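Novice: Quick one: the structure is below, and I'll ask about it shortly.
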């Protein structure tokens, strides 16, 4: 699988419009090689909607990832075991990383 963005390059800076300092909209993301019937799950903000970078200080790394799982549901998943459950069932994974520092 491959994950890319037209809005920032892997390892590059995330533009301000995709952060809490501006519009907080999702950057464009494209992926290929994902098996059919992949579904979107709740993120670490507790919602399916995008929540942009908002670091307390300094430059932080933000990882966007897509996982192809071997199961349609993750039984007993919660915010504490999410990554363990996902990793247990990951067939393939793709990610892209961007950097952001607050514009105060």
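Novice: Of everything in region 9-35 that's in contact (Cβ under 8 Å) with a residue 60 or more places away in the chain and exposed (fewer than 12 other Cβ atoms within 10 Å of the Cβ), which residue is farthest from residue 69 (Cα to Cα)?
Specialist: The selected residue is 11.
Novice: Only residues that are in contact (Cβ under 8 Å) with a residue 24 or more places away in the chain, surrounded by 15 or more Cβ atoms within 10 Å (Cβ to Cβ) and out of contact with any helix residue (DSSP H, G or I) (no Cβ under 9 Å at 6 or more places or on another chain): list them for region 83-104, please.
Specialist: Answer for region 83-104, where residues must be in contact (Cβ under 8 Å) with a residue 24 or more places away in the chain, surrounded by 15 or more Cβ atoms within 10 Å (Cβ to Cβ) and out of contact with any helix residue (DSSP H, G or I) (no Cβ under 9 Å at 6 or more places or on another chain): 94, 96, 97, 99, 101, 102.
Novice: Check residue 3 against each of (1) part of a loop (DSSP other than H, G, I, E, B); (2) in contact (Cβ under 8 Å) with a residue 24 or more places away in the chain and name the one condition it does not meet.
Specialist: (1)
Novice: Checking residue 63 against (1) part of a strand (DSSP E or B); (2) over 12 Å from the mean Cα position of the chain (by Cα): exactly one of these is not met. Which one?
Specialist: (2)
Novice: So, in region 22-49, how many residues would count as being at pLDDT 85 or above and closer than 27 Å to residue 101 by Cα? I'd like the intermediate steps shown before the answer.
Specialist: Just the residues of region 22-49 that are at pLDDT 85 or above, to begin with: 22-32.
From the residues that got through so far, the ones that are closer than 27 Å to residue 101 by Cα too are 22-31.
Counting residues in region 22-49 that are at pLDDT 85 or above and closer than 27 Å to residue 101 by Cα gives 10.
The values are calculated or read from the model by the stated rules, or taken from the named source; none is laboratory data. Bear in mind the structure is a predicted one, so any value in this text is a computation, not a measurement. Neighbour counts run over all protein chains shown; Cβ positions are idealised from the backbone, glycine included.
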